[in-house]
1. List the pairs whose first member sits in segment 327-351 and is on the phi < 0 side of the Ramachandran plot, whose second member is assigned to a helix (DSSP H, G or I) and surrounded by fewer than 14 Cβ atoms within 10 Å (Cβ to Cβ), and whose Cβ atoms are under 7 Å apart, counting only residues at least 6 apart or on separate chains?
2. Testing G382 on (1) in contact with an Asp or Glu (Cβ under 9 Å, 6 or more places away or on another chain); (2) modelled with pLDDT under 95, one condition comes back false. Which one is that?
3. Determine whether segment 389-408 contains at least one residue that is of a type in the set (A, V, I, L, M), more than 16 Å from the ligand (Cβ to nearest atom) and within 17 Å of the chain's Cα centre (by Cα).
4. Looking only at residues in segment 130-162 that are among the polar types (S, T, N, Q) and more than 30 Å from E332 (Cα to Cα), which one is nearest to the ligand (Cβ to nearest atom)?
5. Test of understanding: among V66, V44, V127, which residue is away from the ligand (no atom under 16 Å from the Cβ) and either on the phi > 0 side of the Ramachandran plot or at pLDDT 95 or above (or both)?
6. Would you pick out the residues in segment 270-290 that are assigned to a loop (DSSP other than H, G, I, E, B) and within 16 Å of the ligand (Cβ to nearest atom)?
7. Considering every residue within segment 398-414, establish whether at least one is without any contact (Cβ under 8 Å) to a residue 60 or more places away in the chain, within 19 Å of G155 (Cβ to Cβ), not small (G, A, S) and not assigned by TED's automatic domain parsing to the domain that holds T256.
8. In segment 70-104, how many are within 22 Å of T312 (Cα to Cα) and hydrophobic (A, V, I, L, M, F, W, C)?
Amino acid sequence: MAVPPKETPLLMSLNRSKSHAAFARACQLIPGGVNSPARAFGAVGGEPLFIASGLGQHLTDIDGHVYLDYIGSWGPMILGHRHPRVIAAIDEALARGTSFGAPTEAESGLAEQIIDAVPSIEKVRMVSSGTEATMSAIRLARGATGRDRILKFAGNYHGHGDSLLVAAGSAAATLGVPNSPGVTAGTAKDTLVLEYNDCSQLEEAFAAHGQDIAAVIMEPVVGNMGLVDPAREFLLAARQLTERHGSVLIFDEVMTGFRLAYGGAQERCGITPDMTTLGKIVGGGLPLGAYGGRADLLDHVLPAGKVFQAGTLSGNPLAVAAGSATLAELKEHAPYADLERRGSRLADGLKHAAEAAGLPATVARVGSMLTLFLQPGRLGDGATGFPVVDWATASQSDTRRYARFFWGMIDRGIYLPCSQFEALFFSIAHTDADIERTLVAAQETLAEVAAHEN
Ligand code: KE4
């Protein structure tokens, strides 16, 4: 797991007195001062920055410092902050009210856009977060198959539903154990946790438990251990084994949906899941998630079927407006080739910057999702970068080195993910000049990190 640095990170020279005061206040009111632990800077040390506003590719903190934003709200802001079309759509919906607790035609409109974008989705149900989407998809798979067991992979994150907050057991292909207090052993025992990208473990698990497995849930491209683009045969094995054993294959595309292609990761890999979960971009920065897939599965959901799932704010008019405008913009302007080009330049530049600093590293990228894994040792001492293919290799990263890199970049106005084990995201608002500026800052910072260790 991430090891927070003991010593103060390398560079924290900018004045952040207002964020410091805001954090002290928040800590009196909110657990850890944040409403989600991903924001808490626990993995990089120091205190979180309190943001005043965002515009385009930039964030401004309450001390007035402006940053190039590579978090993008952890994925949703592919169009950048305050995109005019999204803001106009929200304003227009706002003029009609905020929530009715009754169906609206706009929800059917967004459903049509999702179904048009993702051919494997024949029917879709909207909820208010990615967690709700994955929780509901798991319940649906269990309800539709009458089976209890689910299978997930170490290093994949699917939100905070109890059955998904489970770590690998003592040995491969074993029953899960809770990885959070409050998750019961009874819940965890029905979750199998395997190594990602390991076809033989997958085959073993199905040989042993196939008839009991309701679903396999996976990130088809992983963002939650840092970026891992799986071997094609691994995705094919998951598809073939679930088909053979009557299990449901769920692609968790909360992060990759509409990010890696308009049709998500499944459009790139050409593998069709039975269900897909969505979040982040599909809500355009407002709270919206969705789960969808084969109509024969979705028709098990109440009131069409008997699997219960509900939500006061599901399909909320403002979130639907923001999501619909975002998807329309992505479909009409298809930014993916530009994102690919800029992502390739960023990845190459980061790899060269690490090499120039004598630091072993590997850069993993798909489209506009990327991770620079800083790895132990020094190139001069014979260490080399190594591929990251699963949690076992991702977790060998040098998290202290990453923490120093993070803070050095913050002080140069570049806001990277506050954990080695998160992917960075950039938007259509990031320019070629922004990428070049980022690479100059990375070269300086990585050289500083290396020099600091000497
Ligand atoms: P939310 O409940 O946070 O909307 O979605 C959960 C979720 C489900 N599936 C995948 C693949 C996800 O990446 C996520 C959420 N991602 C994290 C970032 N790694 C959200 C950040 C946070 O929790 O604050």
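1. R342/D432
2. G382 satisfies every listed condition except (1).
3. Yes: one or more hits.
4. N156
5. Matching residue, one of V66, V44, V127: V66.
6. P273, G279, G284, G285, L286, P287, L288
7. If we filter segment 398-414 for residues that are without any contact (Cβ under 8 Å) to a residue 60 or more places away in the chain, which is where we start, we get 398, 401, 405, 409, 412.
Now narrow it down to the ones that are within 19 Å of G155 (Cβ to Cβ): 398.
Keeping just the survivors that are not small (G, A, S) gives 398.
Now narrow it down to the ones that are not assigned by TED's automatic domain parsing to the domain that holds T256: 398.
Within segment 398-414 (the criterion being without any contact (Cβ under 8 Å) to a residue 60 or more places away in the chain, within 19 Å of G155 (Cβ to Cβ), not small (G, A, S) and not assigned by TED's automatic domain parsing to the domain that holds T256), the answer is yes, since at least one residue qualifies.
8. Counting residues in segment 70-104 that are within 22 Å of T312 (Cα to Cα) and hydrophobic (A, V, I, L, M, F, W, C) gives 7.
The values are calculated or read from the model by the stated rules, or taken from the named source; none is laboratory data. Everything numeric in this text was worked out from a predicted model, so none of it was measured. Cβ sites come from the backbone with ideal geometry, for glycine too, and all protein chains shown count toward neighbours.
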